[in-house]
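Below you'll find the structure, written out as structure tokens, and then a few comments.
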Amino acid sequence: MTPRNTRLVYSSESARICSKCQKYYEFCSCKKGPKQPTSPVKNDGIVRVGRETKGRKGKGVTTVTGAPLDGEGVKQLAKELKQKCGSGGTVRDGVIEIQGDHRDTLLALLAEKGWTVKRSGG
């Protein structure tokens, strides 16, 4: 049963509203539905190594994106990189995050694997 009063009055979140019928996606009459999120991993054959501090209270992490591996392969690569750097880390949405600034170490390790590696960011 759909509520009768679904007309939008004000919202700061425009992504939840259908662009055709101007209703919430839950009550969309044109059946367009929400878009699927795109993967943050670039698949252009270049492995990018960068540093991020956003959303981490100033703590820096080194990120590795674009590794030409599947889900389990990325986890194994992350484990190997964490051991070589001697620090912790995780895999989120196909992006390897290593705690601390280890860009130079990771550039050398990934280049040894035969991949094209670039330093991203500043």
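The set of residues in region 92-122 being free of Cβ contacts under 8 Å to residues at least 40 places away in the same chain, open to solvent by 50 Å² or more (accessible area, probe 1.4 Å) and of a type in the set (Val, Ile, Thr) consists of Thr105 alone. All told, Val64 meets the bar of being aliphatic (A, V, I, L, M), buried (at least 18 other Cβ atoms within 10 Å of the Cβ) and closer than 12 Å to Arg48 by Cβ. Of the residues making up region 5-18, none is at pLDDT 75 or above, surrounded by 15 or more Cβ atoms within 10 Å (Cβ to Cβ) and of a type outside the set (D, E, K, R).
The values are calculated or read from the model by the stated rules, or taken from the named source; none is laboratory data. As the structure is a computational prediction, the values presented were derived from the model and not from experiment. No Cβ is skipped: glycine too gets one built from the backbone with ideal geometry, and neighbour counts run over all protein chains shown. Heavy atoms of the whole protein, side chains included, go into the accessibility calculation; ligands, DNA and RNA do not. Shrake-Rupley method; radii C 1.70, N 1.55, O 1.52, S 1.80 Å.
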